[in-house]
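The values are calculated or read from the model by the stated rules, or taken from the named source; none is laboratory data. Quantities reported herein were computed from a predicted structural model and do not represent experimental measurements. Cβ atoms come from the backbone with ideal geometry, glycine included; neighbour counts cover every protein chain shown.
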Amino acid sequence: MSNNPKSLLYFVSLGCPKNLVDSQVMLGLLQRDRYIITQKREDAEVIIVNTCSFIETSKEESIEIILELAEMKQTGSCRLLVASGCLPQRYSKELENEMPEVDLFVGTGQYHRITEFLDSARKSLERGDPVPRRSYIDQPAFIHTEKDPRLHTGPSYSAFLKISEGCNRRCSFCIIPKLRGNVRSRTVASLVEEATGMAKNGVRELNLVAQDLTEYGMEWKYRERLETLLPELCKIDGIEWIRLHYVYPDDFSDELISIIASEPKIVKYLDMPIQHTADRLLKAMNRKLTKARLFGLVTKLRESIPDLVIRTSIIVGLPGETEGEFKELCDDLISLDLDHVGLFRYSQEEGTPAAEMKDQVKPAAKRRRLKILDDLARKQSLKRHQKLVGKTVSVLVEGPSPESDLLIQGRTAGQAQEIDGHVLINDLGTRNVSDIHPGDVLQVEITEALPYDWIGRVV
């Protein structure tokens with residue numbers, strides 16, 4: 001390894017936006033402490049993969065990418081390969097034995113010490129000694145603040161603001177509390193200061209994330225809570241859209257509904273995971289929700305917040321899910337007519353109560369049920385999208401579409417980045433393409449509806 005105090009580093013972030021925030025904090029620390037970020041993996045002396053292990057497919061993706069990048073030890077300049085995040089937090093002992101290619105494993109509670117661990121490993125290698133310790137795993141307790149450097153990645157006009165870490169819920173299917181620990185919330189002052197800095201750097205859309213936004217402040221007995229945070233964020237100059245992700249339906253206060261309805265900066269969009277609608281399965285999942293409460297909440301939300309867009313997530317094939325309960329779920333989704341539905345096959349995760357339940361649904365049945373729901377969601381989405389044809393909406397420009405340089409891609413307030421589709425603009429009217437930039441907000445008439453996207457023209 002070179003004696004040059006500056007070292008090239010290649011970084012891969014996998015998984016959810018919350019993990020991306022951790023990655024950005026790590027990158028900020030690394031950049032501050034003499035590492036230079038490169039997009040060329042073959043040039044990097046240090047390679048870090050911040051992993052996900054929420055479900056089986058995410059574990060497979062993490063392992064595949066780690067092994068792919070391990071080849072850079074033979075074909076590139078890599079001297080240190082690091083796996084961080086949820087995968088080592090969950091499987092560090094097994095990974096030490098099964099992945100000798102990886103030099104360091106850093107868990108979810110130690111990522112803020114990444115430069116310290118790299119320095120120790122580098123010194124050992126320079127002496128010709130083996131790395132003295134490969135795993136740094138403990139009970140997660142850290143959460144970053146506005147004082148920690150954070151390297152913003154992605155579009156300059158949009159950013160994620162992680163308001164808390166960890167989860168005190170114990171859903172029977174979910175491994176997250178074991179990987180992330182119990183709830184730790186940031187103060188309102190800390191969050192406002194970080195968001196203000198983002199706005200000064202050009203961020204216009206603020207996406208609030210946590211394992212559950214409604215748990216924010218619970219460890220302080222809600223001295224500060226979501227209902228006190230949101231009005232303060234709305235005061236920040238430059239922030240135009242505030243979007244709420246992961247708002248659980250069982251702790252939704254009337255005050256929160258009122259704030260969302262009355263604050264113009266809070267987009268009328270809710271990411272509200274319900275997972276299922278059958279009462280028996282909700283109880284087995286250890287959710288504090290019933291079908292009656294869910295339908296009542298959705299009705300209240302729509303009455304209080306006109307044009308509200310609701311995204312949810314659904315799990316099919318939960319242990320013991322009968323054909324009757326699956327049909328009940330399908331019928332309920334038709335009745336609820338939610339705007340965006342993320343669908344997942346149940347993943348049997350060791351270490352969770354659901355993994356030990358009887359009557360595990362066979363993989364073929366899970367695949368069949370997922371396809372049925374996917375077809376249903378597609379038809380419902382197209383029907384809703386067609387209602388917007390001929391109307392004019394505000395669209396946040398993202399840039400040229402990956403599908404064609406002739407199309408400009410953007411999103412309405414009812415579409416979150418990466419998960420909810422796009423508006424594809426094929427007619428700029430009197431505007432020149434050189435005058436349109438990412439982050440601009442255009443008025444667009446919708447001319448055609450697709451199942452998950454719209455096509456429109458600038459007016």
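Based on what the data block shows, is ASP332 at pLDDT below 95 and in the same structural domain as ALA210 (by TED's automatic domain parsing)? Taking the combined requirement at face value, the residue does not satisfy it. Once the range 358-381 is narrowed to residues that are touching a Gly at 6+ places or on another chain (Cβ under 7 Å) and in a helix (DSSP H, G or I), the residue that is surrounded by the most Cβ atoms within 10 Å (Cβ to Cβ) is ARG369. Of the listed requirements (1) modelled with pLDDT of 90 or more; (2) of a type in the set (A, V, I, L, M); (3) part of a loop (DSSP other than H, G, I, E, B), ALA141 misses just one: (1). Among the candidates LYS291, LYS283, the residue that is free of Cβ contacts under 8 Å to residues at least 40 places away in the same chain and not β-branched (Val, Ile, Thr) is uniquely LYS283. Is it the case that ARG384 is part of a helix (DSSP H, G or I), touching a strand residue (DSSP E or B) at 6+ places or on another chain (Cβ under 9 Å) and surrounded by 18 or more Cβ atoms within 10 Å (Cβ to Cβ)? No. Specify the residue that is farthest from the chain's Cα centre (by Cα); the eligible residues are those in the range 211-247 that are buried (at least 21 other Cβ atoms within 10 Å of the Cβ) and either on the phi > 0 side of the Ramachandran plot or not assigned by TED's automatic domain parsing to the domain that holds LEU270 (or both). Among those residues, the one meeting the criterion is GLY217.
Hey, does the range 139-154 have a residue that's more than 26 Å from VAL203 (Cβ to Cβ), crowded, with 20+ Cβ neighbours inside 10 Å and not hydrophobic (A, V, I, L, M, F, W, C)? Talk me through it step by step, then tell me what you get.
Narrowing the range 139-154 to residues more than 26 Å from VAL203 (Cβ to Cβ): 139-141.
Add one more test, that the residue is crowded, with 20+ Cβ neighbours inside 10 Å, and what stays is 140.
Filter once more, so that each one left must be not hydrophobic (A, V, I, L, M, F, W, C): 140.
Yes, the range 139-154 contains a residue that is more than 26 Å from VAL203 (Cβ to Cβ), crowded, with 20+ Cβ neighbours inside 10 Å and not hydrophobic (A, V, I, L, M, F, W, C).
Evaluating ASN286 against the criteria (1) in contact with a Cys (Cβ under 6 Å, 6 or more places away or on another chain); (2) crowded, with 19+ Cβ neighbours inside 10 Å leaves one unmet condition, (2). What about SER313, is it of a type in the set (Ser, Thr, Tyr) and touching an Asp or Glu at 6+ places or on another chain (Cβ under 8 Å)? So SER313 fails the test. Within the option set ASP138, ASP148, being in contact (Cβ under 8 Å) with a residue 40 or more places away in the chain, of a type outside the set (Gly, Ala, Ser) and within 30 Å of TYR222 (Cα to Cα) holds for one residue only, ASP148.
Condition check ((1) part of a strand (DSSP E or B); (2) surrounded by fewer than 18 Cβ atoms within 10 Å (Cβ to Cβ); (3) without any contact (Cβ under 8 Å) to a residue 24 or more places away in the chain; (4) in the same structural domain as CYS174 (by TED's automatic domain parsing)) across all residues:
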{"site": "LYS18", "(1), (2), (3), (4)": "no, no, no, no"}
{"site": "VAL21", "(1), (2), (3), (4)": "no, no, no, no"}
{"site": "MET26", "(1), (2), (3), (4)": "no, no, no, no"}
{"site": "LEU30", "(1), (2), (3), (4)": "no, no, no, no"}
{"site": "GLN39", "(1), (2), (3), (4)": "no, yes, no, no"}
{"site": "GLU42", "(1), (2), (3), (4)": "no, yes, no, no"}
{"site": "ASN50", "(1), (2), (3), (4)": "yes, no, no, no"}
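For ARG345, the conditions (1) surrounded by fewer than 17 Cβ atoms within 10 Å (Cβ to Cβ); (2) assigned by TED's automatic domain parsing to the domain that holds ARG170 are fulfilled apart from (1). ILE114 falls short on exactly one of the conditions (1) outside any helix (DSSP H, G or I); (2) touching a helix residue (DSSP H, G or I) at 6+ places or on another chain (Cβ under 6 Å), and that condition is (1).
Against the numbered list (1) of a type in the set (Gly, Ala, Ser); (2) surrounded by fewer than 19 Cβ atoms within 10 Å (Cβ to Cβ); (3) in a helix (DSSP H, G or I), GLY202 comes up short only at (3). Would you confirm whether any residue within the range 303-310 is surrounded by 15 or more Cβ atoms within 10 Å (Cβ to Cβ), free of Cβ contacts under 8 Å to residues at least 60 places away in the same chain and closer than 21 Å to CYS330 by Cβ? Taking every residue of the range 303-310 in turn, at least one turns out to be surrounded by 15 or more Cβ atoms within 10 Å (Cβ to Cβ), free of Cβ contacts under 8 Å to residues at least 60 places away in the same chain and closer than 21 Å to CYS330 by Cβ.
Please work out which residue is surrounded by the most Cβ atoms within 10 Å (Cβ to Cβ), limiting yourself to the range 396-426 and to residues that are of a type in the set (A, V, I, L, M) and in contact with a Phe, Trp or Tyr (Cβ under 9 Å, 6 or more places away or on another chain).
Here is the first cut: in the range 396-426, the ones of a type in the set (A, V, I, L, M) are 396-397, 406-408, 413, 416, 419, 423-425.
After this cut, where a residue has to be in contact with a Phe, Trp or Tyr (Cβ under 9 Å, 6 or more places away or on another chain) as well, the list is 396-397, 413, 416, 423-424.
Working: LEU396: 23, VAL397: 21, ALA413: 20, ALA416: 22, VAL423: 26, LEU424: 20.
Applying the filter and picking the extreme gives VAL423.
Condition check: assigned to a strand (DSSP E or B) and among the β-branched types (Val, Ile, Thr). Does ILE242 satisfy that? Yes; evaluated as a whole, the condition is true for this residue.
Of the residues making up the range 211-239, those that are touching a residue at least 12 places away in the same chain (Cβ under 8 Å) and either part of a helix (DSSP H, G or I) or under 16 Å from ASN182 (Cβ atoms) (or both) number 19.
Residues in the range 428-448 that are surrounded by fewer than 15 Cβ atoms within 10 Å (Cβ to Cβ), of a type in the set (D, E, K, R) and touching a Lys or Arg at 6+ places or on another chain (Cβ under 8 Å): 0 in all.
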